[in-house]
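Undergrad: One structure is given below, represented as structure tokens, and several questions about it will come after.
The values are calculated or read from the model by the stated rules, or taken from the named source; none is laboratory data. Just so we're clear, the structure is a prediction, and the values are computed from it rather than from any experiment. Methodologically, a virtual Cβ is constructed for each residue, glycine included, from the backbone with ideal geometry; neighbour enumeration extends over all protein chains shown. Quick note on the areas: whole protein, heavy atoms, side chains included, nothing else; ligands and nucleic acids left out. Shrake-Rupley method; radii C 1.70, N 1.55, O 1.52, S 1.80 Å.
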Amino acid sequence: MAYSYSIDDPAKNQKRTVALVLVAVIHVVFFYVLASGLGAKVVETVIGPVETKIIEEIQKKDEAPPPPPPQIEQPPPYVPPPEVSVEVPVETTTSTAISNVTSQRPVAAPPPAAPKPVEHQVVRTPPSTQGRGAATPLPDYPPSSRRAGEAGTVTLTAFVKEDGRCTEVKVVKSSGFEKLDEAAVKEVQRNWRFVPGKEDGKPVAMWHTFIVTFKLTD
């Protein structure tokens, strides 16, 4: 049967103990940092500038240089056009116009139109119951009309010939009583004579309107 054993060295044991303590302390500190958020701050502080620098460098590399400004062409200097004077010949038409006017013979104006003949105004005179040769006896009063007290005025129109006689007599407006109208028409047609109507002093036949009045005098 074989046996093995070791003899511990006190100095080595002390170093091991110190190392273990340090490792334990480091772990405790590490977990404390993680728990308190200090580790994130440390990471941000350390990594932040590095990332920013890298992004800036990448952006600087990606940016292309700006294009050169365009060249603006300068307009040519203004040169005023040369002054040109054009002389237009003046046409002298005065003498020609005068010669044309004087060479033509004046045209005589047409004679004035003859005045229109004045229409002759016919002077007409109607027949009359007054004058030489006139006779207008009163018609007989019908006895029945007198007894009935009938009276009135009848308007007649008669065709008076050149000799003053009446060939046709008509009632224009009745007196209101037929017997009085008939008595007036008969008397005028049988016995009345007019001074005939005239045109320019000559007797002519024409229609003439007049009235006959029946009036009771009792």
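Undergrad: Would you please name the residue that is most open to solvent (accessible area, probe 1.4 Å), looking only at residues in region 194-217 that are under 18 Å from Asp140 (Cβ atoms) and touching a residue at least 40 places away in the same chain (Cβ under 8 Å)?
TA: Top of the filtered list is Lys215.
Undergrad: Additional query: Kindly indicate whether any position in region 160-173 is free of Cβ contacts under 8 Å to residues at least 24 places away in the same chain and acidic (Asp, Glu).
TA: The answer is yes, given that some residue of region 160-173 is free of Cβ contacts under 8 Å to residues at least 24 places away in the same chain and acidic (Asp, Glu).
Undergrad: From the list Gly131, Gly176, which residue is at positive phi, modelled with pLDDT of 90 or more, in a loop (DSSP other than H, G, I, E, B) and open to solvent by 40 Å² or more (accessible area, probe 1.4 Å)?
TA: Sole residue among the options that is at positive phi, modelled with pLDDT of 90 or more, in a loop (DSSP other than H, G, I, E, B) and open to solvent by 40 Å² or more (accessible area, probe 1.4 Å): Gly176.
Undergrad: Continuing with the same structure: Does Lys186 meet the test of being surrounded by fewer than 17 Cβ atoms within 10 Å (Cβ to Cβ) and assigned to a strand (DSSP E or B)?
TA: No; evaluated as a whole, the condition is false for this residue.
Undergrad: In addition: For region 136-173, give me the residue count where each residue is surrounded by 13 or more Cβ atoms within 10 Å (Cβ to Cβ), more than 11 Å from Phe214 (Cα to Cα) and of a type in the set (Val, Ile, Thr).
TA: Count: 6.
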